[in-house]
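*Asks:* Below are the structure tokens for one structure; questions will follow.
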Amino acid sequence: MTKNEGTIDRLLRLILVEVFYMLGFFWFAGVWQTVFYVLAIVMLFTALTGFCGVYKLFGINTDDKKPVSSVTKVVFVFLFIFIGLAGSYASDFFSRKFFLDDYNRMNNYYKQTLFNTGQDKRLESISNYDGLISEFSIFSAKYFTYHPYVISGDAQFNSDLVNVQNIILGLKENVYNGDLKLTHKDFEVIRPIFQDILKRNGFSMLQVYLVDFHDAMEKIIAAADAKDAAGIITVYSEVDTKLKAVEGVANDSEIQTIRQKLDEVLSLAKDGRVDELSAKAAELKSSFVKVYLVRG
């Protein structure tokens, strides 16, 4: 096998091996992932052997027999390492970002639907529900067959999409004509499914912790509405732990307001001021919703 590639040509092919591998690993799945992996293998083979079949076919030969300087070799090694590190970091960051952008666009309609059904607002619920159906359909159609690196190891992802879709579509009549308070509870079933998807695939822990805190917070709100001071004191430790997890990720003024309202509920419970508990718990939930609708 006569070599028909020069040293620079072969070095550039090694860089292409890197690029093709990263494209396949981070950005593609299925057939296209296989295509890029095959391209990487072909480039690696031609770089190692110094022979290119396409060059042979068209009578091309880049082997000028000239030695490559030490400076060129050092520059190549630096470039190879830089592309590998920077490319891997950028691919991981942006593939996650693009997935989250798609997820959040859909999830915003879910959150608004959940919120408005809980507030018994029919027109707002219908409007956001229709948007949810549309955006979830787009999200599901894209990611049911396309599994980039960020979700490539999630064997449960597709079944979760089907489950959520069935829940959403099954609630249409309830959103349009049914009891919105009960429908709100039905929509709540979707939230832990989304939460598990985020957890399994290592996404923003703030999103995960906000959802965890919400579940615990609802216990305090229920106790407050029932004027159950002892119940609030009992469950406070769990809620406090969940909020500390949120604070460990972000502790700006909005998060601090949630902490303030939570501690005020506890203070009222300890003082036996049970008639004030429900109103204060409503303030706690309102401060949480303000954060969750934007960042959850």
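*Asks:* Across region 6-31, what is the number of residues that are over 14 Å from Ser95 (Cβ atoms) and open to solvent by 30 Å² or more (accessible area, probe 1.4 Å)?
*Replies:* Going through region 6-31 one residue at a time, the tally reaches 12.
*Asks:* Pairs, please: C-beta under 9 Å, at least 6 apart or cross-chain, first residue more than 14 Å from Ser204 (Cα to Cα) and touching a residue at least 12 places away in the same chain (Cβ under 8 Å) and in region 87-101, second open to solvent by 40 Å² or more (accessible area, probe 1.4 Å) and assigned to a helix (DSSP H, G or I)?
*Replies:* Gly87/Val19; Ser88/Phe25; Ser91/Leu23; Ser91/Phe25; Ser91/Trp27; Ser91/Tyr149
*Asks:* Assigned to a helix (DSSP H, G or I), within 25 Å of Lys285 (Cα to Cα), open to solvent by less than 10 Å² (accessible area, probe 1.4 Å) and at pLDDT 95 or above: which single residue out of Ala224, Ala230, Ala216 fits that description?
*Replies:* Ala224
*Asks:* Restricting attention to region 101-136, report how many residues are under 24 Å from Ile151 (Cβ atoms) and open to solvent by 30 Å² or more (accessible area, probe 1.4 Å).
*Replies:* Adding up the residues that qualify gives 8.
*Asks:* So, Asp92, is that one open to solvent by 40 Å² or more (accessible area, probe 1.4 Å) and of a type in the set (D, E, K, R) or not?
*Replies:* So Asp92 fits the description; yes.
*Asks:* Restricting to region 117-172, name every residue that is without any contact (Cβ under 8 Å) to a residue 24 or more places away in the chain and in contact with a Ser or Thr (Cβ under 7 Å, 6 or more places away or on another chain).
*Replies:* Asn128, Leu161, listed by residue number.
*Asks:* Follow-up. With the condition kept exactly as written, say whether any residue in region 51-60 is aromatic (Phe, Trp, Tyr), under 24 Å from the mean Cα position of the chain (by Cα) and open to solvent by 40 Å² or more (accessible area, probe 1.4 Å).
*Replies:* Within region 51-60, none of the residues are aromatic (Phe, Trp, Tyr), under 24 Å from the mean Cα position of the chain (by Cα) and open to solvent by 40 Å² or more (accessible area, probe 1.4 Å).
*Asks:* Can you tell me which of (1) among the hydrophobic types (A, V, I, L, M, F, W, C); (2) open to solvent by 10 Å² or more (accessible area, probe 1.4 Å); (3) at pLDDT 95 or above is the one Phe144 doesn't meet?
*Replies:* (3)
*Asks:* Among the residues that make up region 65-84, is at least one of them in contact (Cβ under 8 Å) with a residue 12 or more places away in the chain, open to solvent by less than 70 Å² (accessible area, probe 1.4 Å) and at positive phi?
*Replies:* Within region 65-84 (the criterion being in contact (Cβ under 8 Å) with a residue 12 or more places away in the chain, open to solvent by less than 70 Å² (accessible area, probe 1.4 Å) and at positive phi), the answer is no, since none of the residues qualifies.
*Asks:* For Lys285, which of the numbered conditions (1) among the basic types (Lys, Arg); (2) within 13 Å of Ala216 (Cβ to Cβ); (3) at pLDDT 95 or above fails to hold?
*Replies:* Among (1) among the basic types (Lys, Arg); (2) within 13 Å of Ala216 (Cβ to Cβ); (3) at pLDDT 95 or above, the lone unmet condition for Lys285 is (3).
*Asks:* Moving to a separate point now. Inside region 233-246, can you point out the residues that are hydrophobic (A, V, I, L, M, F, W, C) and open to solvent by 40 Å² or more (accessible area, probe 1.4 Å)?
*Replies:* Scanning region 233-246 gives a single hit, Ile233.
*Asks:* Could you count how many residues in region 155-190 are outside any loop (DSSP other than H, G, I, E, B) and open to solvent by 20 Å² or more (accessible area, probe 1.4 Å)?
*Replies:* Here the count works out to 20.
The values are calculated or read from the model by the stated rules, or taken from the named source; none is laboratory data. All values derive from a computational prediction rather than experimental measurement. Cβ: placed from backbone, ideal geometry, glycine included. Neighbour counts: every protein chain shown. Note: areas computed on protein heavy atoms with side chains; ligands, DNA, RNA excluded. Shrake-Rupley method; radii C 1.70, N 1.55, O 1.52, S 1.80 Å.
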